[in-house]
Structure formats: structure tokens, C-alpha cells
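Please read the structure below before turning to the comments.
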Amino acid sequence: MSLKVLSTGVGLPQRFITNDDLVEVMGLDTSDEWIYSRTGIKGRYVCQEETLAELSITAARQALDEAELTGADIDYILCSTIAADTKSPSLACTVAEAIDASCGAVDLNGACTGFIYDLDVANALIATGRAKNILIVAAEKMSAHADWTDRRTCVLFGDGAAAVVVTAGNMIKYINVASKPDTEVIRIQADMAGNNPIARDMPAAGFVHMDGQKVFKYAVNIIENEVKSALEKTGLTPDDIDLYLLHQANLRIIDFAISRLKQPKDKFPTNIDHTGNTSSVSIPLLLHELRQAGQIKAGQKMFLCAFGAGMTYGTCVWEWE
Ligand code: ACO
């Protein structure tokens, strides 16, 4: 017994910022040509008024409506985020309150891999009979962590939330989450600046710091190794996989994976052109868009792979029900 996905939903900010807007509105010394040619990004949604909770609740309600469930039917809420609007209560509790749920509700921080971590926990909760219906919400407001004067990082990210409702089923053929500790490659310092008079100086809230080239090498190795082990363990070949849903960090990383795996490009759907890198939201957001476009069908085998700060990574092979 594992899980199956019943429904999906999204919550996106209203404001869409193109690469040209970054130059013209945000005053950044960059260009559409530089950003698009190195990342595949044309634009991204950025919060102006919206809170992360609002985006999450919109996504959660949409997924619940499609599943024809209410908050009372949900046995667990798992949110994936690196920074909720409030340190406490959790984003998951805020969602629970909005949908009138009274089940377990907790946030997990697996960085960009967070959605696969949530899937892994949901799978275990369902397999052990602890829960029947689980709401997973991945939500990130990367614009709040970007240094908008640093063209090396701020152009890469976008905001949003995506939800899935899962229930008992048999979709998951393989799931693996892991970390390869290297905590310096991507780092966002937490806000530690309190006013404890005897504490030594603590750093204030920080921006995203990232060694882009290290991330690139890490990502392509992880994808290649994880495809190999997932396929070995499931007895599948690369040809058996219908869709490769990869973390939308950078189109060049995805292109690299395509060339290594020697699979047709249309097996690697992308949405990074209009979302940017939305961290843990990227895979469920992509999944939602593919479902909306009628591209997800029963029986399709999919390979999901995400990687992020920590460094974390996670992989899932599922067959759509
Ligand atoms: N516009 C114009 N010029 C820029 C920009 C920009 N937005 N950003 C950097 N540059 C310039 C730099 O100033 C530098 O110029 P200089 O040589 O005169 O100093 C030059 O371009 C090269 O800068 P690098 O930082 O070395 O750029 P690089 O070629 O490594 O490309 C990138 C950066 C696109 C981030 C690349 O490293 C990459 O693809 N890395 C993968 C990491 C990634 O995608 N991370 C996503 C977030 S993390 C995650 O999701 C797990």
C-alpha cells in the first residue's frame, strides 16, 4: 500500500515580473538575453501584497475542491517551506485553521527537495495506517530572501504555492530522500538578531548566498545517479519512464540531464520560463500545469527528482492512477 494523488491546486501572486521588468522596474544591471540564455527563465511571479499563507490556502482549497473533500476529511497536513510568514504557528496550522481541519499539521524544511520529503512522510503515514487523506502544500516566497541588488541570485527565483491531496493507493514504486552534507553551497541565514544582552553578536536575516557552479555540478550528478539507482531498484529502463519531472532550478541543468539520459526532450516538461525557480513548489506546480493541460494520464510512469540546500535530494518513481 502506498499513496495516490487525488487532486492538485496552485496559488500564485498576481504580479508577473519579466526579465525586462527587472531592468526597467527594479533597476537591475542585467538583460533578458543574459538571464534567458543561462537559465531558461523569461519571468516569474513575485508577491507584492500576498502572504505565503494566502497563496497556500488558495492552493489547498483548490485541491480540496477537486478531491471533493473538506478540511474535516483531512488526517494530516504537511507543508513544505523554508520560511513561513510566522515562525510559530506553522504554515500548516495556518492552513488547517483556514480549511477547518483539526488534524496533525506540521511544516518540513527540505529546501528545494521539500515536496519529495513531504511525499515520503505522507507515504509512510498512509502505509502504516496513521492517515487516509493527506494535504501537502509546498509554498515559498523566495522574493523575500533574494537580495534585489545581487543580479547573480535574485533573477533566478519566483514565488508561489502548490497543493496535492493524496490518499491510499499504489502509485509509488520507489521513493528516496537523502542529504549529502555541504551546508555552505546554498545558504540563507536565519534572523538571529535578538536583544539578549549576554549573547554574542548574532547575524541578522540574510539573503540567498549560492555557489551557482557548485550547485550546477551537484544537480547534474544527483539526477544522473538517482535515475540509475531508481531504475535499478524498480527494474525499469529510461525508455519506460514517460515523464521526467525535474526540479525547475535551471533549464541548462535539465538540458544536461536530457543529453546524459539520451531521452526525447518532450519527456522533460518544464515551466521555469514563466515561474523561475520556486524551490520546493516547482515539481507540484509543474504537475498541476501538466494536469490542467491534459498531459497526465493513468498508467504513465514518472520520475521525480529534486535537489536543494543542505545539500538535500529526493527521488520518486510513480505510476499515475
Ligand atoms: N545579468 C548579467 N550578468 C550577470 C548576471 C545577471 N543576472 N548574473 C551574473 N552575471 C555576471 C557576473 O557578474 C559575472 O560577470 P564578471 O565575470 O564580469 O564578474 C558573470 O556574469 C559570470 O557570473 P557567474 O556567477 O560565474 O555566472 P555563471 O556563469 O555561473 O551563471 C548561474 C550563474 C546561472 C546561476 C549558474 O551558475 C547556474 O546555472 N548555476 C546553477 C545553480 C542554480 O540554478 N541555482 C538555482 C537555485 S538553487 C536550487 O534550486 C537548488
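The values are calculated or read from the model by the stated rules, or taken from the named source; none is laboratory data. Given the structure is predicted, the values throughout are model-derived calculations rather than measurements. Neighbour counts are summed over all protein chains in view; Cβ atoms, including those assigned to glycine, are modelled from backbone coordinates with ideal geometry. Keep in mind that these areas ignore ligands, DNA and RNA; they rest on the heavy atoms of the full protein, side chains included. Shrake-Rupley method; radii C 1.70, N 1.55, O 1.52, S 1.80 Å.
With ARG38, ARG15 as the choices, which residue is surrounded by fewer than 20 Cβ atoms within 10 Å (Cβ to Cβ) and within 12 Å of ASP159 (Cβ to Cβ)?
From the options ARG38, ARG15, the qualifying one is ARG15.
Considering only the range 137-173, state which residues are of a type in the set (S, T, N, Q), surrounded by 15 or more Cβ atoms within 10 Å (Cβ to Cβ) and within 16 Å of the ligand (Cβ to nearest atom).
SER143, THR153 - these are the residues of the range 137-173 that are of a type in the set (S, T, N, Q), surrounded by 15 or more Cβ atoms within 10 Å (Cβ to Cβ) and within 16 Å of the ligand (Cβ to nearest atom).
Inspect the range 192-203 for any residue being closer than 30 Å to ASN19 by Cβ and not polar (S, T, N, Q) and give the result as yes or no.
No - not one qualifying residue is present in the range 192-203.
Restricting attention to the range 174-192, and to residues there that are open to solvent by 60 Å² or more (accessible area, probe 1.4 Å) and free of Cβ contacts under 8 Å to residues at least 40 places away in the same chain, which single residue is farthest from the ligand (Cβ to nearest atom)?
Across the range 174-192, the extreme among qualifying residues is MET192.
Looking at (1) open to solvent by less than 20 Å² (accessible area, probe 1.4 Å); (2) within 15 Å of the chain's Cα centre (by Cα); (3) in contact (Cβ under 8 Å) with a residue 60 or more places away in the chain, which one does ILE74 not meet, given that it meets all the others?
With (1) open to solvent by less than 20 Å² (accessible area, probe 1.4 Å); (2) within 15 Å of the chain's Cα centre (by Cα); (3) in contact (Cβ under 8 Å) with a residue 60 or more places away in the chain applied to ILE74, the lone miss is (2).
From the set of residues in the range 106-132 that are hydroxyl-bearing (Ser, Thr, Tyr) and part of a helix (DSSP H, G or I), which is surrounded by the most Cβ atoms within 10 Å (Cβ to Cβ)?
Going through the qualifying residues, I end up with THR113.
What about GLY310, is it in contact with a strand residue (DSSP E or B) (Cβ under 9 Å, 6 or more places away or on another chain), surrounded by fewer than 23 Cβ atoms within 10 Å (Cβ to Cβ) and at positive phi?
So GLY310 fits the description; yes.
Any residue in the range 20-36 that is hydroxyl-bearing (Ser, Thr, Tyr) sitting within a Cβ distance under 7 Å of a residue that is near the ligand (Cβ under 7 Å from one of its atoms)? List the pairs, counting only those 6 or more apart or interchain.
Pairs found: THR30/ARG151; THR30/VAL155.
Please verify whether ASP240 is acidic (Asp, Glu) and touching a Lys or Arg at 6+ places or on another chain (Cβ under 8 Å), treating the condition exactly as stated.
Here the answer is yes, as ASP240 does meet what is asked.
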